[in-house]
Amino acid sequence: MKNTILGLSLAFVLLFSFQSSFGYTVNYEKWGPKIKDVSTVCIIEPDYLKSEILTESFSKRLMDETRISISEWEVQLKNFERGRDKSMWDINQIPISLEQQKDFDYDQCHIFIKFKEKPDSQDEWYKLLGKTVYEIGDTGRSDITIYYDNIKFCKTEDKDWIYFDPCYEAKPRLMQQIQSVVKHEFGHALGLGHFKADKLDVSIAWARGTITAPSIMAVFSHQNLNENIITPKDIVAVRSIYGENGFLPDDEKIITFDSFETSSDLFVIPKGELAVASVEGVINKDRYISGIQVDITSIDPNHLVQNRKVRVNSEGGFSFDKILNENTVNGTYTIFATYRNEKSPEILVEVQPEIIELKKGIPNWVKNTVGWWAEDQIDEYQFILGIQHLILIGVLNPESSEELKAGYLEENIPFGVKIPRYVKQTSLWWTEGKISEQEFIDGIQYLIKKGYLVI
Ligand SMILES: [Zn+2]
């Protein structure tokens with residue numbers, strides 16, 4: 001018991017050092033164009049007659065919502081083409097009902113969307129919510145599988161620990177979770193990779209949904225109940241992959257910019273510090289003429305336009321750095337380059353101030369929950385929901401254990417939970433007033449950080 005108290009005061013010191021700053025940058029992976037011409041997406045209705053989970057009406061709704069989720073990509077891509085013909089972003093969709101499947105001519109499909117209860121391989125259980133596989137060779141064909149079985153937590157215990165591990169439940173996931181996965185996987189089919197922050201804790205917060213992800217291509221976990229949306233960042237990323245002609249073939253198009261990109265899509269300026277935003281690109285060698293400069297245009301969130309001329313080196317390369325400080329206008333910037341009257345694709349860059357974590361008190365319902373659990377009146381799962389709520393409102397920082405970090409970075413992380421039995425004693429002390437609320441928070445935070453409590 002003495003050890004626990006020592007742990008508590010040590011945690012108090014630790015807290016102030018790691019919660020101070022929240023600056024990070026992001027990397028938006030782009031895997032290159034995958035779709036060619038007008039692609040036909042075939043949505044294959046799952047066999048609800050053979051499924052113990054699906055009803056006919058759920059299965060019909062699944063088909064409809066999948067079609068709508070893919071249309072959202074098409075509509076948003078087209079909305080960006082102000083005043084132009086929009087047919088370069090056409091996507092053709094064919095829902096194929098159970099009755100039609102036997103006689104259907106599948107040769108016309110470029111992208112398949114199929115539904116399955118869960119991954120075949122047990123190694124992928126709980127980790128994959130959906131999967132996109134490209135056909136070998138540069139064919140523009142891909143296969144998307146969406147897993148619809150709901151994931152909950154199942155309880156087991158031993159002498160020292162109580163475990164809550166993910167397990168499948170014989171009912172479908174929430175429709176909005178499935179929609180998020182459809183949009184995410186279709187983003188892969190378009191050639192987008194993942195949207196990752198260089199701070200793992202930020203990526204984890206996006207995955208859980210404790211902070212709304214700025215891109216549909218952030219990795220999501222099964223705990224994320226938000227309706228995740230396709231953002232302007234995602235649309236700009238697709239446009240930067242395909243260029244002016246969209247999904248249509250390039251023909252004899254003049255290519256002026258071999259590349260044009262910023263060092264990050266998102267800049268967070270730490271309080272009192274500076275950040276450097278850099279833009280760089282390469283002029284195609286057939287278009288390069290010595291002595292002509294590139295014009296870089298930046299439109300700030302207040303629509304203020306700034307132009308800057310930069311030199312192009314003999315290899316065609318150019319770059320431009322801009323210092324960001326506390327006075328920099330926050331919001332979305334549009335940046336593009338012009339060379340010999342040809343415009344590069346536009347890039348959207350987000351500038352945000354540092355987020356300072358607010359520490360609020362513990363809501364009464366959580367305190368009651370913890371107290372009831374300590375007195376054995378309710379089970380651990382209610383306790384976990386209470387602790388998860390504290391993470392959600394920022395009282396606890398999900399800065400996570402090494403164990404969790406090691407399992408991250410792949411498609412989706414299973415968030416299992418385990419509680420050491422002695423946490424009950426700490427909880428009892430708090431509800432009996434023997435330790436303060438802050439000591440309780442710090443104690444739980446310490447356990448999470450050390451990986452003794454995995455939430
Ligand atoms: Zn993914």
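The values are calculated or read from the model by the stated rules, or taken from the named source; none is laboratory data. Everything numeric here is computed off the predicted structure, so don't read it as measured data. Virtual Cβ from ideal backbone geometry, glycine too; neighbours counted across all protein chains shown. The protein model used for the area step is the full one, side chains on, heavy atoms only, and it has no ligands, DNA or RNA in it. Shrake-Rupley method; radii C 1.70, N 1.55, O 1.52, S 1.80 Å.
Translational diffusion coefficient, Stokes-Einstein: compute it for the chain using the Kirkwood radius over C-alpha pairs as Rh, at 25 °C and 0.890 mPa s, and state it as an integer in µm² s⁻¹. Please report the intermediate quantities before stating the final value.
Working: Rh = 24.8 Å.
The calculation lands on 99 µm²/s.
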| query | Which whole-number percent gives the relative contact order of the range 225-378, counting Cα pairs below 8 Å spaced six or more residues apart? | reply | 25
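Per DSSP H run of n ≥ 4, the term is -39500 (n - 2.57); total these for the chain, divide by its residue number, and report the mean residue ellipticity at 222 nm rounded to 500 deg cm²/dmol. Please list the in-between numbers first.
On the way: 10 runs with 129 residues, N = 455.
Roughly -9000 deg cm²/dmol at 222 nm, from the helical runs in the chain.
At a 1.4 Å probe, what is the % contribution of carbon and sulfur to the accessible area of the range 257-353? Spell out each step's value before the answer.
Details: 2440 of 5410 Å².
The computed percentage sits at 45.
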| So what's the angle, to the nearest 10 degrees on a 0 to 90 scale, between helix 437-450 and the longest Cα principal axis of the chain? | 60
| Cysteines without a disulfide-compatible partner in the chain, using Cβ under 4.7 Å as the rule? | none
| Rounded to whole Hz, the Karplus (6.51, -1.76, 1.60) HN-Hα couplings of the range 146-162, x for glycine and proline | 10, 9, 10, 5, 6, 10, 10, 10, 10, 9, 9, 8, 9, 4, 9, 10, 10
| query | When only the heavy atoms of the protein chains count and the probe is 1.4 Å, how do 426, 25 rank by accessible area, highest first? | reply | 25, 426
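Evaluate the Kirkwood expression for the hydrodynamic radius of the range 257-353, namely the inverse of the mean inverse distance over all pairs of different C-alpha atoms, and round to one decimal in Å.
Numbers: mean 1/r = 0.0717 Å⁻¹.
In the range 257-353 this quantity evaluates to 13.9 Å.
Only sites in a loop by DSSP and with at most 10 other Cβ atoms within 10 Å count here; which GluC sites (Glu not before Pro) in the range 203-267 make the cut? Write down the numbers at each step before the final one.
Numbers: sites: 227, 244, 252, 261; in loops: 227, 244, 252.
Of the GluC sites (Glu not before Pro), the ones in loops of the range 203-267 whose Cβ has at most 10 other Cβ atoms within 10 Å are 252.
Using a 1.4 Å probe and counting only protein heavy atoms, arrange 303, 110 so the residue with the most accessible area comes first. Mind showing how you got there, number by number?
On the way: 303 150, 110 50 Å².
The residues order as 303, 110, largest area first.
If Lys and Arg each add +1 and Asp and Glu each add -1, what is the summed charge of the other residues whose beta carbon sits under 15 Å from the beta carbon of residue 427? Don't skip to the end; give the middle numbers.
Details: positive: 367, 421, 424, 434; negative: 375, 376, 379, 380, 432, 437, 439, 442.
So the surrounding residues net to -4.
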| remark: Scan of the chain for trypsin sites (Lys or Arg not before Pro) in DSSP loops with at most 13 other beta-carbon atoms within 10 Å gives a longest site-free stretch of 160-252
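Ignoring any ligand, DNA or RNA, what whole percent of the accessible area of the range 124-188 comes from carbon and sulfur when the probe is 1.4 angstrom? Mind dumping the intermediate values first?
Numbers: 1470 of 2790 Å².
Reported share for carbon and sulfur atoms: 53 percent.
Have a look at the DSSP beta bridges in the chain and tell me what percent are antiparallel, nearest 5.
75
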| message | As a test of reading the structure, rank 89, 31 by solvent-accessible area (1.4 Å probe, protein chains only), most first. | response | 31, 89
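My understanding is that a pair violates if its Cα-Cα distance is over 18 Å; which of 118/152; 309/343; 118/171; 131/152; 30/78; 30/309 do that in this structure?
Working: 118/152 13 Å; 309/343 14 Å; 118/171 12 Å; 131/152 20 Å; 30/78 20 Å; 30/309 28 Å.
As for pairs spanning more than 18 Å Cα to Cα, those are 131/152; 30/78; 30/309.
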